[in-house]
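Quick notes on the structure that follows.
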Amino acid sequence: MDQQKRKYIYIVFSSIIAVGLSYVLSRTNYLLYHILIEFFSVFTCLLIFFISIFSKKYSGAGIIEIIGAGYLYVAVLDFIHALAFRGMNVLINVNDDLATQIWIIARFTQALILLSGVILINKKPKYRSVFVFYTIVAVTLGILPFINLFPTCFIEDIGLTPFKVAAEYFIVIMLMTTIFLIRRSREQIEKALRQKLCISVSLAILAELAFTLYMDTTGLISTIGHVFKLFSTLVLLSMILDYGLRDTYQNVFKKLNTEKEFLKTILQSISDAVIATNKEGEIISLNHAAELLLKTEYKDIAGRKFDEAVYIYDRNTRVRIENVLEVLKQVNKNQSDTTRFMISVSNDDRIINIRASVILENPMIETVVVISDISSFVNLEVSMINQQRLQSVGVLASSVAHEINNPIMGIMNYSQLILDQKIDNISINNYATEIIAESNRISEIVRNLLSFSKQKTNEWNDYDINEIVEDSIMLMNSFILKDNIELDVRTDNTLPKVYCNKQEILQVIINLVANSKDAVNEKYQNKPGVKKISIKCEKTGRDNQEFIKCTIRDNGAGLSENAKDHIFVPFFTTKTSELGTGLGVPISHEIIKRHKGYLEYKSEENEYTEASFLLPVKKMEIV
């Protein structure tokens, strides 16, 4: 025997017992029986009403809400009917006719509510409008018996009046119409809901038919009618509980899930890393930015202690901080909004601001940690400081240039006087010639340094790329020689001039050569005779246009695949913070783009790096 059949047998068996007990109680004390069954019915109707209000907030005005809205007045009318019953002695000048009149009004109101619920299901009315309609009907009809405007329904020693019987049959017709409409509403009302609604209405019909037959308001038939009426209300309550609360909870959970997804989307879109921990300090949630910062996924880190999963260091001492959460909580107590630390993941040191908030009202989450990666901002600060230093060098170079040039000119003049004396001493003449050459070189270095420091960014003209390369080498040569780097420069005097900003192209060459210098130093350290950098200038073509191509190649550490993908990203660098800020290549890239040219990289890790920039020979419209 399946569960459904056992359920039906249980209902039938319980119903038989309830009918038997009702009959015994009604024969023993009908007034007590009537009070109990009517008050229980009133309580059931009130439950239906309040559940519909709760359901309406989340489900709108469906059939359950439309029906439930009117059951407040069914409860009120049944309550008045119970008070007006013979023997209650609550209302003044009452008789069996008043109780019967209120009964008819209550049953008509109930039938109207059930019929309206089925009719209005496709109309989607406003809950308030439906409630106002039921209020007007119930109040208007409920007043009529008390002002003697309602027809007589029961006469002592005679029984039911024709109006009362006709009214019961009219109510039966309304209820049968309701069943007919329910069975036709297959698309609007699901099957299980239709079945329970039909059972409830059918029991109400049996109750109404019973009330067309009794001669005594305390007789057996009246007792059976009250039982059918109570069962009808209980079945309706069961339907309301099953489907009203079910739909309500489904909508509530749907709304909660929607809000959860909304908050999750916001959390995942935050650029700062957000990590939540419980009272034990275990990680229970983190966003996508945290996964990127920690270079891991949530499934691999969930449940781990924060201190075990996240390595935080003091930025100055580089000592790892133990009990980070407690430290952060103490910082918050001291009213410090953020604290700057360093985080290390896979040997990648990042400078961070870290904040911790203690959640007091959530049993699952105790601490929310927000980590902001400020490495780029710190690098920008360093870059700005370096820029200020360059400006200071420019001011210094401008102020002392003549102080250096004056004695240099004196040295050159005296050397020339020695040569003019035509001393018959080859060594002295050679020394004088060398002094003049070196003095000219010093003068050229000072002039180039002064020119570079001025950064006249608006000076565009036709320049020889060979001269720009030579000027850059003049500025970089001391560093190249100091690091024992073999420099191979191949220029071509037949190359056409390019229209460019000399200072900016000079800056590009210096940036690229500096990167090559750092690359070979990284690979070979202090090993002599193996560090090589070459510079080659040549003419090439692209897209039916002539370009001057300048290539800087080294045999240094090369670039990883990740570095190749991020080579033009500002603040990305493979160097330590002391050697680079990650701005040299991006700035050079922007300069070459502004010249309508191209900056390209080729590299093999641990083999070589080749940086090439192409400048158009023909004068272009420069933005």
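The values are calculated or read from the model by the stated rules, or taken from the named source; none is laboratory data. Quick caveat: nothing in here was measured; it's all calculated off a predicted structure. Here the Cβ is made from the backbone with ideal geometry for all residues, glycine too, and neighbour counts use every protein chain on show. Protein only, heavy atoms only, side chains kept; ligands, DNA and RNA dropped before computing areas. Shrake-Rupley method; radii C 1.70, N 1.55, O 1.52, S 1.80 Å.
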Within the range 197-217, take every residue that is of a type in the set (V, I, T) and part of a loop (DSSP other than H, G, I, E, B) and give me the one that is modelled with the highest pLDDT.
T212
Do we find a residue being modelled with pLDDT of 90 or more, assigned to a strand (DSSP E or B), in contact with a Ser or Thr (Cβ under 8 Å, 6 or more places away or on another chain) and not acidic (D, E) anywhere in the range 553-570?
yes
Of the residues in the range 592-611, those that are within 19 Å of T573 (Cα to Cα) and open to solvent by less than 20 Å² (accessible area, probe 1.4 Å) number 4
Against the condition at pLDDT 90 or above and more than 22 Å from F85 (Cα to Cα), how does T140 come out, does it pass?
no
Looking at the range 94-107, which of its residues are open to solvent by less than 60 Å² (accessible area, probe 1.4 Å) and in contact (Cβ under 8 Å) with a residue 24 or more places away in the chain?
D96, D97, L98, A99, T100, Q101, I102, W103, I104, I105, A106, R107
Hey, I179 in contact (Cβ under 8 Å) with a residue 40 or more places away in the chain and in a helix (DSSP H, G or I) or not:
no
Going residue by residue through the range 49-58, is there one that turns out to be open to solvent by less than 60 Å² (accessible area, probe 1.4 Å), over 21 Å from I199 (Cβ atoms), assigned to a helix (DSSP H, G or I) and among the charged types (D, E, K, R)?
no
Within the range 237-254, does at least one residue satisfy the condition of being without any contact (Cβ under 8 Å) to a residue 60 or more places away in the chain, open to solvent by 30 Å² or more (accessible area, probe 1.4 Å) and not in a helix (DSSP H, G or I)?
no
Output yes when any residue across the range 298-305 is at pLDDT below 80 and of a type outside the set (F, W, Y), and no when none is.
no
Candidate set from the range 515-567 (those that are more than 18 Å from L614 (Cβ to Cβ) and of a type in the set (K, R)); member that is farthest from the chain's Cα centre (by Cα):
K527
Per the filter on the range 293-320, residues open to solvent by 80 Å² or more (accessible area, probe 1.4 Å) and without any contact (Cβ under 8 Å) to a residue 12 or more places away in the chain are E297, K299, D300, E308, N316, T317, V319
Taking the residues in the range 468-500 that are charged (D, E, K, R) and open to solvent by less than 60 Å² (accessible area, probe 1.4 Å) as candidates, determine which candidate is farthest from the chain's Cα centre (by Cα).
D492
Take the residues in the range 414-426 that are part of a helix (DSSP H, G or I) and surrounded by 12 or more Cβ atoms within 10 Å (Cβ to Cβ); name whichever of them is modelled with the lowest pLDDT.
Y414
Taking first residues from the range 263-285 that are hydrophobic (A, V, I, L, M, F, W, C) and second residues anywhere that are open to solvent by 90 Å² or more (accessible area, probe 1.4 Å), the pairs with Cβ under 8 Å that are 6 or more apart or on different chains are A273/L292; I283/R304; I284/M364
Taking the range 474-527 and keeping only residues that are outside any helix (DSSP H, G or I) and within 21 Å of N606 (Cα to Cα), one is left with D483, N484, I485, E486, L487, D488, Q525, N526, K527
Here is a check on your reading of the model: is T433 touching a Cys at 6+ places or on another chain (Cβ under 9 Å), at pLDDT below 90 and over 20 Å from R594 (Cβ atoms)?
no
Residue by residue through the range 165-205, note down the ones that are open to solvent by 80 Å² or more (accessible area, probe 1.4 Å) and within 12 Å of F228 (Cβ to Cβ).
I199
Enumeration of residues in the range 121-159 that are among the small types (G, A, S) and surrounded by 18 or more Cβ atoms within 10 Å (Cβ to Cβ):
A138, G142
Matching residues in the range 59-77 - criterion: being modelled with pLDDT of 80 or more and surrounded by 23 or more Cβ atoms within 10 Å (Cβ to Cβ):
I66, I67, G68, A69, G70, Y71, Y73, V74, L77
